[in-house]
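*Asks:* Sharing a structure below in structure tokens format, with a few things to ask.
The values are calculated or read from the model by the stated rules, or taken from the named source; none is laboratory data. These numbers come from a predicted model, not from an experiment. All Cβ positions, glycine included, derive from the backbone under ideal geometry; neighbour counts span all protein chains shown. The area values use the complete protein model at the heavy-atom level, side chains included, leaving out ligands, DNA and RNA. Shrake-Rupley method; radii C 1.70, N 1.55, O 1.52, S 1.80 Å.
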Amino acid sequence: MKPITVLLAEDHQIVREGFRRMLELETDLQVVGEAQDGRQAVTLAKKLCPAVVLMDIAMPLLNGLEATRQVIKACPGVKVLILSAHSDDAYVTNAADFGASGFLLKQTSAHEVCRAIREVQKGGTFFTASVSRRQGRLNPKASARAGTVNKKVAKLTSREMEVLQLIAEGKANKETASELGIGIKTVEKHREHLMSKLDIHDTAGLTRYAIGAGIIESSVQLTIV
């Protein structure tokens, strides 16, 4: 019986190594590649076609949400499990909206991670127990807020997601243009579209939105209102 092939996408090497060692103990699971940023994850997924990708939600160059969307578009058979240190409602709903088959907290037990990989490989879904319990008892106001964030993010194009991430990371238009290989005027146009679609009209607001939507992570947890 062939093992379930897994691609690890996580920007912290020590965390990747921990997951690799954990998965190598399972005879039916095989780590076939490791990515340290979202772009590398997309490239390796196209090359290796793993059964499952363990995808960190916040990575440099390209966040896990957009990387998930691109991986699934390029390799429809690949299943993605999102990893995060946080379980904010917007993170969870966005992960599902971008095509992920499950959501795991990084402190999830080894047994549960392996169970999740096996479950999504078979076509199922898997959410960390604490996330599943909370999703089941969300109050209407919290649910509506998470859904609003989710719908707005879903309207963004892949390029707009990339530009939003770089803005939130503090990159100036010139740096963003260089990073993405596009002109400064194109970056400015994407910024205009972002502000229009999200109804946010300053850089600080875009940054707060990116944190609240799980596009980047911050030690300071902000609330989208």
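*Asks:* Given the options Val53, Val80, Val92, name the one that is of a type outside the set (Lys, Arg), touching a Ser or Thr at 6+ places or on another chain (Cβ under 6 Å) and not in a loop (DSSP other than H, G, I, E, B).
*Replies:* Among Val53, Val80, Val92, only Val80 is of a type outside the set (Lys, Arg), touching a Ser or Thr at 6+ places or on another chain (Cβ under 6 Å) and not in a loop (DSSP other than H, G, I, E, B).
*Asks:* While we're here: As an exercise: evaluate Asp11 against (1) outside any loop (DSSP other than H, G, I, E, B); (2) at pLDDT below 95; (3) of a type in the set (Asp, Glu) and give the number of the one condition it does not meet.
*Replies:* Tallying (1) outside any loop (DSSP other than H, G, I, E, B); (2) at pLDDT below 95; (3) of a type in the set (Asp, Glu), Asp11 fails exactly one: (1).
*Asks:* For the range 70-81, does any single residue satisfy the condition of being over 13 Å from Leu7 (Cβ atoms) and open to solvent by less than 30 Å² (accessible area, probe 1.4 Å)?
*Replies:* no
*Asks:* What pairs come out if I take residues in the range 3-31 that are within 16 Å of Thr108 (Cα to Cα) and pair them with residues that are open to solvent by 40 Å² or more (accessible area, probe 1.4 Å) and part of a strand (DSSP E or B) whose C-beta lies under 6 Å away, six or more apart or interchain?
*Replies:* Going by the 6 Å Cβ cut-off, the qualifying pairs are Leu8/Glu34; Arg16/Glu34.
*Asks:* Can you name the residue in the range 200-216 that is small (Gly, Ala, Ser) and in a helix (DSSP H, G or I) and, of all such residues, is most open to solvent (accessible area, probe 1.4 Å)?
*Replies:* Only one residue fits best here, namely Ala204.
Residues are listed down the side, and each one gets a yes or a no for (1) at pLDDT below 95; (2) outside any strand (DSSP E or B); (3) in contact with a Ser or Thr (Cβ under 6 Å, 6 or more places away or on another chain); (4) over 27 Å from Lys171 (Cα atoms):
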site: Gln30; (1), (2), (3), (4): no, no, yes, yes
site: Val42; (1), (2), (3), (4): no, yes, no, no
site: Thr68; (1), (2), (3), (4): no, yes, no, no
site: Ser87; (1), (2), (3), (4): yes, yes, no, no
site: Leu104; (1), (2), (3), (4): yes, no, yes, yes
site: Glu119; (1), (2), (3), (4): no, yes, no, yes
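*Asks:* Which one of Lys171, Lys185, Lys189, Lys197 is at negative phi and surrounded by 16 or more Cβ atoms within 10 Å (Cβ to Cβ)?
*Replies:* Being at negative phi and surrounded by 16 or more Cβ atoms within 10 Å (Cβ to Cβ) holds for just one of Lys171, Lys185, Lys189, Lys197, which is Lys171.
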